[in-house]
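Shown next, in structure tokens, is the structure this report addresses.
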Amino acid sequence: MSDEKQAAVAVPPVPAPAPARSSPALDIEHAGVADDPRAWSNARKLSVVATVSAASMIAGLGANIYNRAAISQIEQQLHASSSSLALSLSLFILIQGGVPLLWSTLSEFWGRKKVYLVSTALCVVGCIVAALAKTINVLIGMRSIQALGSSAVMALGAATLSDIYEPEQRGTMMGIYYSAPLLGPSLGPLLGGVLTQAFNWRATFWFLAIFVGLCFVLFIPFKDTFRRERSLTYQAALKRRRAQLSAKASETSSISQITAVSRVVSPTEGGRNIPAPAPAHGNALEALQRDRDLEKQQQPARVVEPEPAPMNDIKLSLSDVNPAKPIIHVLRRMNNLVILVASGLIFGFSYCISYTCSRTLANHYGYNALQIGLVLLAFGVGSLVGSVFGGRYSDHVFRKLRARNGGTSQPEMRLQSTMIFMPFLPASVIVYGWVCERHANVAAICVTLFLSGLFSIAIYTSTLAYIVDANNGRSSSAVATNSAFRGSTAFIAAEVAVPLQTAIGDGGMYSLWAGLMLLSELLILLVWWKGGAWRAKWERKEQGIPRS
């Protein structure tokens, strides 16, 4: 071939691609959003904290205002059996722990505000109908509705705080937020005793209906803190929906192309067979398969690129809600699973001690409902102090370790703050049990209740903040899973508490609980030691990075 012909068919050189532009490393919770809640004023943020904290008391009050005196009246007036009354108690705890898994997923699509409004409205209905109940079956059903409605705030309150506060502030604000529901187990029996003695058991439910109704009113002007750009659950569902629509559009287009070509092109040309054109939708289907799970590609410490099209072009519906998938993503990380077990054990102890203390004071000290409520205030005050102080101390340790580490931080740094409280929790639990066993002066019970509440909740507050910090983009799912673990341990504790107390006494039972608290502390230390490596392993796996 001549040089002229070669020049005529020469392919022009392809220009080298421009170098990739570097982007600052940000996690999905710092993706750019309009009206960023983390840029709100302190006054506005505190109003959010006050609203969700007040509403979070619903769960504790609903579980504990159902006091011993009220149960006796219900048994007489509704001709209820002891097994039916026990079912109304345990079912409330079980539903309150498990349903947040659904509420958290709904909040990733509807936003926090809509879930708050729907759940509190359900709870108001449950309280009103329970106050008017004529049979025990209706009362059990309405208690279940109460549990369904009251469970949302406990699951979403911590997620709401993570929407508006940075990690170095979360411990303090979690402590303040969590101090409100901790008053429920202490104020519940006190209020229940006063209302039952002054009126009757129905008054307790009318009080709850009024209180929850006020919370509903507070949520009407509430400014939603949820931003879907910062939600892995929403982004995954959105990506899947777009891929499905793209695949369908490509398939329709390819069928039209094939039909049009077949009309004008002969199957043979010059004696040669012309292969049929490949369907154009193959690439789209392959892309759908690759993008089946956005969360597997999302690295928490990676920039979130903006969507090529506006996010409002596709509306997601309830058919896109899959509550199981976000929970699986939380539970398959070993650091989450271990810390959730530790957190659940601490909560189970907190529920058990307030439940069995009421029986001890009634049976061995002859106290009425009002006196029992006053004694249990010691546990509530200790829990409140532990929550506020533990949260602030958690942030202090977190900031100090981050500064020592050159300004970079890991969620596991927060758990180091729990070590100062660890020696005292099992000791205070054992002392409480044997003080009750020996029927010592009630002042000794008050002191040990205070210390048990302080040390247990100071540790629990740090674990709750860790669960949020270690699950960027999945904070509500992680907290909801924590609620499920708490509800499960509280349910088991409620079921075995009375038989254990009867069989081995307070001394034996709380010696057993002291051992479980020691186990919980060892699990927290394990996460502090190995949690970072476990987390990094799953982050690489979800991003698709092969093992080195």
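Data table
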read-out	value
1.4 Å probe accessible area per residue over region 392-548, in Å²	42
Fraction in percent of alpha-carbon pairs per bin - 5 Å, region 77-198	2, 10, 15, 19, 21, 14, 9, 6, 3, 1, 0
Peptides ranked, highest mean first, by Cβ atoms within 10 Å: ranges 116-129, 85-98, 459-472, 211-224	459-472, 116-129, 85-98, 211-224
Cα centroid separation - region 109-137 against region 372-447, whole Å	33
Whole-angstrom Cα spans of region 326-458 along principal axes, big to small	58, 33, 23
Percent accessible area from carbon and sulfur atoms, region 428-548, protein chains only, probe 1.4 Å	69
For peptides 57-63, 532-538, sequence by mean Cβ density within 10 Å, most packed first	57-63, 532-538
Entries of 114/239; 45/114; 113/134; 400/530; 325/537 with Cα pairs more than 28 Å apart	113/134
Length released on extending from residue 54 to residue 408, taking residue separation times 0.36 nm less the Cα-Cα span	124.0 nm
Rounded to whole Å, sorted largest first: equivalent-ellipsoid semi-axes of region 400-548, Cα gyration tensor	36, 18, 12
Residues of region 145-183 with amide N under 19 Å of the 7 Å Cα→Cβ point at residue 399	162, 164-177
Extension gain, residue 440 back to residue 533 (0.36 nm per residue minus Cα-Cα distance, nm)	28.7 nm
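The values are calculated or read from the model by the stated rules, or taken from the named source; none is laboratory data. The structure displayed is predicted, hence computed values, not measured ones. Methodologically, a virtual Cβ is constructed for each residue, glycine included, from the backbone with ideal geometry; neighbour enumeration extends over all protein chains shown. In case anyone asks, the SASA skips ligands and DNA or RNA and just uses the protein heavy atoms, side chains included. Shrake-Rupley method; radii C 1.70, N 1.55, O 1.52, S 1.80 Å.
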